[in-house]
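Below you'll find the structure, written out as structure tokens, and then a few comments.
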Amino acid sequence: MNDKHSTFDAEKLNKRKNNFSGYQYCPYCQTKLKTGIFDHIERLYCPEENCDFIFYQNPVPAAGAIVIKEGKILLVKRAHPPRIGDWCIPAGFMEYNEHPTETAVRELKEETGLDVELLSFFEVYSGNDDPRNNAVLILYLAKEVGGKLEAQDDALEVDYFGFNELPENIAFIAHIQALADYQKRYLK
């Protein structure tokens, strides 16, 4: 395992995430931050008179795609924390100047080796069970258009599963919800 992953401590990350992501000092003036109520929510703010910094702890956007082939859904087995060895829909965090559609296509290629074409928007989910941060997961429906199916980047394995044979160890609640939503909408 890569050294940066060998020190992964989910409990420590959850504690930091739930404590204003570890922020302590103003990124503008380096003054020690204080807590206060802004917009009816406890937030960190800079008490310095000439500084107006308020820390808004927003979720991180992520995107991915549901790929169906011959009635089976494409899943990847996670190679890195959190939840090594659990299965999930191919998805990942957006880069700074990236559109969610670009993220979905890039993540599919990086994790599965496949080139995909996005067919339509599927759904948005709130992901709060990742110790690194909370996410907004944007999912699309996609189809294979090229590449070679093989585990890449963050995946130990990639495979298609029938909906009656899904692995029990799905990594994230948002992915469990998406699998259930797909079944309700398309497999009635």
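No lab work stands behind these numbers, since they all come straight from the coordinates. Note that the coordinates shown come from a computational prediction; the quantities given were computed from them, not determined experimentally. All Cβ positions, even for glycine, are placed from backbone atoms using ideal geometry, and neighbour counts span all protein chains on display.
So how far apart, in nm, are the two label points at Asn97 and Arg132 if each is 7 Å from Cα heading toward Cβ?
Distance between the two pseudo-spin positions: 2.2 nm.
Just to be sure I understand: with springs between alpha-carbon atoms less than 10 Å apart, which residue in Cys51, Cys26, Cys88 has the highest mean-square fluctuation in the Gaussian network model of the chain?
Ranking Cys51, Cys26, Cys88 by mean-square fluctuation puts Cys51 first.
Taking the stretch 10-55 on its own, what percent of its Cα-Cα pair distances exceed 12 Å?
The proportion of pairs with Cα distances above 12 Å equals 61 percent.
Charges at C-beta only: +1 for Lys and Arg, -1 for Asp and Glu. How large is the resulting dipole of the stretch 10-55 about its Cα centre, in Debye rounded to 20?
360
Rank Pro81, Pro90, Pro167 by mean-square fluctuation in a GNM of the chain with C-alpha springs under 10 angstrom and give only the top-ranked residue.
In the Gaussian network model the winner is Pro167.
Any chance you could list P(r) for the stretch 32-85, counting all Cα-Cα pairs in 5 angstrom bins from zero, rounded to whole %?
The calculated distribution, bin by bin, is 4, 14, 12, 13, 9, 8, 9, 10, 10, 6, 4, 1, 0.
Students often check this: by mean Cβ neighbours within 10 Å, which of 131-137, 91-97 ranks highest, and how do the rest follow?
131-137, 91-97
Around Gly36, under 10 Å between beta carbons, what's the net of Lys plus Arg minus Asp minus Glu among the other residues?
+1
Determine the sum of side-chain charges near Ile138: Lys and Arg each +1, Asp and Glu each -1, restricted to other residues whose C-beta is under 12 angstrom from that of Ile138.
-4
Could you tell me what fraction of 2.2 N^0.38 Å the Cα radius of gyration of the chain comes to, as a two-decimal ratio? Spell out each step's value before the answer.
Working: Rg = 19.1 Å, N = 188, 2.2 N^0.38 = 16.1 Å.
The reported ratio for this selection is 1.19.
May I ask which of Lys72/Lys148; Lys77/Lys148; Lys17/Lys109; Lys109/Lys184; Lys17/Lys77; Lys77/Lys143 have a Cα-Cα span longer than 23 Å here?
Violating the 23 Å Cα-Cα cut-off are Lys17/Lys109; Lys109/Lys184; Lys17/Lys77.
Counting alpha carbon pairs within less than 8 Å and at least 6 residues apart, what relative contact order, in whole percent, applies to the stretch 10-55?
Here the relative contact order equals 26 percent.
To the nearest 20 debye, what charge dipole does the chain have about its Cα centre, counting +1 at the Cβ of each Lys and Arg and -1 at the Cβ of each Asp and Glu?
In debye, rounded to 20, the chain gives about 400.
Comparing Val145, Val124, Val76, which has the greatest mean-square fluctuation in the GNM of the chain with Cα pairs linked when under 10 Å apart?
Among Val145, Val124, Val76, the largest mean-square fluctuation in the Gaussian network model of the chain belongs to Val145.
Once label points are set 7 Å from the Cα along Cα→Cβ at both Glu70 and Tyr186, what is their separation, rounded to one decimal in nm?
1.6
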